[in-house]
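J.: This is the structure I have questions about; it appears just below.
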Amino acid sequence: MEMEQPVINIGIMGVGNIGTGVARILLTERELLASRSGIRFNLKTVVDTDWERERGIDFTGVKIGTDVAEIINDPEIDIVIETIGGYEPAFTYVMQALASGKHIITANKALLATRGRELFSQARAHGVDILFEASVGGGIPVIMGLREGLVANRILGLYGIVNGTSNYILSRMHQDNMEFDEALREAQAKGFAEADPTLDINGVDAAHKLAILASLASGGLVDFKLIPVEGITGVTSLDINYAKSFGYVIKLLAICRFTGGKADLRVHPTLIPQEHLLAAVNNELNAVFITGDLVGNTMFYGPGAGQNPTASAVVSDIVDMARNLLARPRTMAGGEGFSGFSLNPEKDIPLLPLDEVTNRFYLRLYTLDQPGILAKISGVLGANKISISSVVQLETHGEKDFVPIVLLTHEAPEHALNKALTELREFAFIRPNILRLRLFHA
Ligand code: HSE
């Protein structure tokens, strides 16, 4: 006799690019998902404000609405997918859905990073879960990897290339000698960039994702606002080429290290040795390199954006959540429905101030080409106990005024480097637009 499969009802709020991808998988892969999970996933209701646009989906049997109340107030719906994106109204709707006992699945990294404490506290209070695999690394199962695959490990370090747009720009600059603006236009045309690409190139999108990864890695909640962030807008093709000549590739890296009970978190362009695995992650692809105390080094790699990869991650959360729901009593309130595998809003993770971090640095300065200038620069660095490991000044034929000098330093504290930069900027023979980058260290 065939066992009857349990049914899980799903509602989707926001049927844009990702929501459409999720709906398509749920409607066209019903049998595959049922055979793999033993559960029937029923897309009951989809809500969006704009139904003029063609989605290319046959929604027969699905209720189509324009008001999220049709999902939030439907007692038959177990799982709500938030694919609206942005801060509002997504935040309000998710809070309402949690309050009415719905489990939430979201791809919204900005919302999780900035309003995570309220969202996860609300989830706890109402005994429901929030899953968010698609919020970092698109289709890469890195959240699942951290939450389950590496659950026995203390995470010692995590290094992510988690913004496809920045990675695309830097890769094209590195491989094809392209200039920044042209590479950005290409990334936008290919659909990797956020609606406002500022968040991609200024590092904020990567910092959103870092806040989520670091919270999981630390078992608490990181305050996104405290993460130091530098984007890639200051990096020129000249820097890419100097880095290349020293044996490095420049990548926008989201960094999470733990020292002395504090988290060293930052996002900045980083010179990665060209033989490191992360240096081979090119174009729009993402990767997260994670070191666990038991497992050692691992790397999660793949497409970090796009409709199908992101929808693939959302559906993995649907199956995961449904399995979890069916494995325990179906309560929608009172805390019993909460599985404890989300972020912990009750534990603050203290951050190590950037000033106290030690790094190796890349400095690019434009100076007048006159006798004694190099000696003055090395004098400032030496007085601040910063040791130079390489220095290059190429002849720039025809350039009469300012010429580029590039220096690599040995390890030095950030506060010492900042002081040296302030002193260097006081010299009239140096242009104020000094670029400081950091070198990768595990
Ligand atoms: N704008 C993001 C990126 C999309 O470029 O990686 C995925 O979050």
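J.: Please determine whether any residue of the range 243-254 is part of a loop (DSSP other than H, G, I, E, B) and modelled with pLDDT of 95 or more.
T.: Yes: the range 243-254 contains one or more residues that are part of a loop (DSSP other than H, G, I, E, B) and modelled with pLDDT of 95 or more.
J.: May I pose another question? Provide a single number: the residues in the range 166-188 that are modelled with pLDDT under 95 and within 13 Å of the ligand (Cβ to nearest atom).
T.: Looking only at that region, the number is 5.
J.: Also, quick follow-up: Kindly provide the set of residues from the range 256-276 that are more than 14 Å from Pro228 (Cβ to Cβ) and in contact (Cβ under 8 Å) with a residue 60 or more places away in the chain, ordered by number.
T.: Phe258, Thr259, Gly260, Gly261, Leu271, Ile272, Pro273, His276
J.: Here are the criteria: (1) under 25 Å from Leu437 (Cα atoms); (2) at pLDDT below 95; (3) not polar (S, T, N, Q). Tell me which single one Ala305 does not satisfy.
T.: Just one mismatch for Ala305, condition (1).
J.: Return the pair list, or none, for Cβ contacts closer than 6 Å from residues in the range 174-199 that are without any contact (Cβ under 8 Å) to a residue 40 or more places away in the chain to residues that are away from the ligand (no atom under 13 Å from the Cβ) and part of a loop (DSSP other than H, G, I, E, B), at least 6 apart or on different chains.
T.: From residues that are without any contact (Cβ under 8 Å) to a residue 40 or more places away in the chain, there are no pairs.
J.: Only one of Glu88, Glu76, Glu54, Glu31 is surrounded by fewer than 17 Cβ atoms within 10 Å (Cβ to Cβ), out of contact with any Leu (no Cβ under 8 Å at 6 or more places or on another chain) and at pLDDT below 95. Can you tell me which?
T.: Of the residues listed, the single one that is surrounded by fewer than 17 Cβ atoms within 10 Å (Cβ to Cβ), out of contact with any Leu (no Cβ under 8 Å at 6 or more places or on another chain) and at pLDDT below 95 is Glu54.
Conditions (1) touching a Gly at 6+ places or on another chain (Cβ under 7 Å); (2) closer than 21 Å to Leu265 by Cα; (3) assigned to a helix (DSSP H, G or I), marked per residue:
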{"position": "Ile143", "(1), (2), (3)": "no, yes, yes"}
{"position": "Asn153", "(1), (2), (3)": "yes, yes, no"}
{"position": "Gly157", "(1), (2), (3)": "no, yes, no"}
{"position": "Gly160", "(1), (2), (3)": "no, yes, no"}
{"position": "Tyr168", "(1), (2), (3)": "no, no, yes"}
{"position": "Met178", "(1), (2), (3)": "no, no, no"}
{"position": "Ala193", "(1), (2), (3)": "no, no, no"}
{"position": "His208", "(1), (2), (3)": "no, yes, yes"}
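J.: Turning to a different aspect of this structure: Being over 28 Å from Phe246 (Cβ atoms) and either outside any strand (DSSP E or B) or within 16 Å of the ligand (Cβ to nearest atom) (or both) is the filter here; which residues of the range 275-299 pass it?
T.: Result: Asp293, Leu294, Val295.
J.: Give just the number: which of (1) of a type in the set (A, V, I, L, M, F, W, C); (2) more than 12 Å from the chain's Cα centre (by Cα); (3) assigned by TED's automatic domain parsing to the domain that holds Leu226; (4) within 16 Å of the ligand (Cβ to nearest atom) does Ile161 not satisfy?
T.: All conditions pass for Ile161, except number (2).
The values are calculated or read from the model by the stated rules, or taken from the named source; none is laboratory data. Since the model is a prediction, treat every value here as computed from it, not as a measurement. Glycine also receives a Cβ, built like all others from the backbone with ideal geometry; neighbour counts cover every protein chain displayed.
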